[in-house]
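Inspection log for the structure reproduced underneath, given as structure tokens.
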Amino acid sequence: MSDREAILETIRRNPDDDAPRLVYADWLDEHSESLTAEFIRAHIALARTLPDDPAMRSLSDRVSVLARELCDLPEFAQITAYALQGARQGLIGGIFATPSDLWDRRFGFTPLTIRGLCLSGLRTRKQAERVAAWPGLAEVSSLRVCPVRGAFSHSLVTLLDSRNLSVLRELDLSGGRFLWEWGGPPPPLPLRLPTVEILRLRGCNLTDRDVAWICRYGDFPALRELDLSNNSLCDGSAAALVRSRWGRQLTRLDIRRPERISRRLRRVLRVKFGSAVEGV
């Protein structure tokens with residue numbers, strides 16, 4: 001492990017500690033990367049400044065200027081436009097990317113401490129396999145997969161089956177039709193996500209079959225929040241949730257827009273999930 005990698009690993013393990021970031025800034029100064037070092041120090045200073053402090057405006061302007069200057073560097077060209085303005089204390093905490101972006105050589109030169117990944121353009125299983133093999137995925141704790149017209153559900157299952165998703169805590173698939181193609185067969189394998197605590201499936205046009213598959217084959221032992229809102233769920237979905245193993249472990253179950261669920265099953269849901277259920 002190089003000195004850079006060792007320092008970044010320390011930052012990853014201590015995301016709320018500024019000291020390793022300042023050590024990294026010193027290291028960057030020593031290796032002729034003073035612009036990035038200054039950006040980190042300015043961002044840390046901005047994070048420590050109270051909103052009513054007279055220095056807030058000048059620090060904010062300085063961070064913006066440095067971000068624009070970094071945008072002109074080749075090593076930042078691929079992702080800075082998306083993420084640099086939202087950096088956390090000088091280092092990027094999340095990115096928007098396509099599958100091909102993740103393997104762009106320039107990513108390797110950028111000081112990433114990625115915790116959040118918003119992925120767009122996932123269409124084929126081959127793309128999913130490349131994303132699943134990306135080493136940076138091992139640091140991702142929050143994954144959002146943007147809906148793509150005609151997205152292949154089996155590609156998504158291939159991605160989520162990756163061993164690199166070892167620290168994933170939040171998975172957001174809202175707005176897409178991901179479980180399977182219209183009229184096609186369901187994914188062949190159970191979906192095991194042992195570390196996921198929050199699963200968002202808002203507005204995915206879920207059917208009773210979809211929800212039944214999630215409840216039967218979704219293995220989420222750490223799940224605490226499940227968002228199924230804006231899906232026009234019916235009695236079959238409610239019955240599947242009632243039969244699920246998540247009765248005591250969920251602290252939030254959002255099923256807003258339950259118009260098609262009978263009053264009887266709404267009462268059963270309230271008994272099963274108590275105060276955790278919302279929208280009934």
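The values are calculated or read from the model by the stated rules, or taken from the named source; none is laboratory data. Remember, it's a predicted structure, so these values are computed and weren't measured experimentally. Glycine gets a Cβ as well: all are built from the backbone with ideal geometry, and neighbour counts include every protein chain shown.
A quick yes/no check of all residues on (1) at pLDDT 80 or above; (2) surrounded by fewer than 13 Cβ atoms within 10 Å (Cβ to Cβ):
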site	(1), (2)
Glu9	no, no
Ser34	yes, yes
Arg41	yes, no
Pro54	yes, yes
Asp61	yes, yes
Ala67	no, no
If you take the residues of segment 134-151 that are charged (D, E, K, R) and under 24 Å from Gly203 (Cα atoms), which of them is modelled with the highest pLDDT?
-> Arg144
Given (1) in a helix (DSSP H, G or I); (2) farther than 21 Å from Arg209 by Cα, index of the condition Ala238 fails = (2)
Pick from segment 69-87 the residues that are more than 26 Å from the chain's Cα centre (by Cα) and not in a helix (DSSP H, G or I): which of them is modelled with the lowest pLDDT?
-> Leu73
Which one of Leu122, Leu50 is in contact with a Ser or Thr (Cβ under 7 Å, 6 or more places away or on another chain), at pLDDT 65 or above and of a type outside the set (Asp, Glu)?
-> Leu122
Could you say which residue among Leu35, Leu8, Leu22, Leu59 is outside any loop (DSSP other than H, G, I, E, B) and touching a Pro at 6+ places or on another chain (Cβ under 9 Å)?
-> Leu8
Looking only at segment 208-235, which residues are out of contact with any Asp or Glu (no Cβ under 9 Å at 6 or more places or on another chain) and not in a loop (DSSP other than H, G, I, E, B)?
-> Arg209, Asp210, Val211, Ala212, Trp213, Ile214, Cys215, Arg216, Tyr217, Gly218, Asp219
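Say whether the condition of being in contact with a Ser or Thr (Cβ under 6 Å, 6 or more places away or on another chain) and modelled with pLDDT of 80 or more is met by at least one residue in segment 110-119. Don't jump to the end; show me each part of the working.
Keep residues of segment 110-119 that are in contact with a Ser or Thr (Cβ under 6 Å, 6 or more places away or on another chain), which gives 115-116.
Pick out the ones that are also modelled with pLDDT of 80 or more and you get none.
No.
This table checks each residue for (1) at pLDDT 90 or above; (2) surrounded by fewer than 19 Cβ atoms within 10 Å (Cβ to Cβ).
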| site | (1), (2) |
| --- | --- |
| Ser166 | no, yes |
| Leu173 | no, no |
| Gly176 | no, no |
| Leu191 | no, yes |
| Asp210 | no, no |
| Ile214 | no, no |
| Ala222 | yes, yes |
| Asp227 | yes, no |
| Arg260 | no, yes |
Boolean, Ala47 is in contact with a Lys or Arg (Cβ under 6 Å, 6 or more places away or on another chain) and either farther than 25 Å from Arg4 by Cβ or assigned to a helix (DSSP H, G or I) (or both) = no
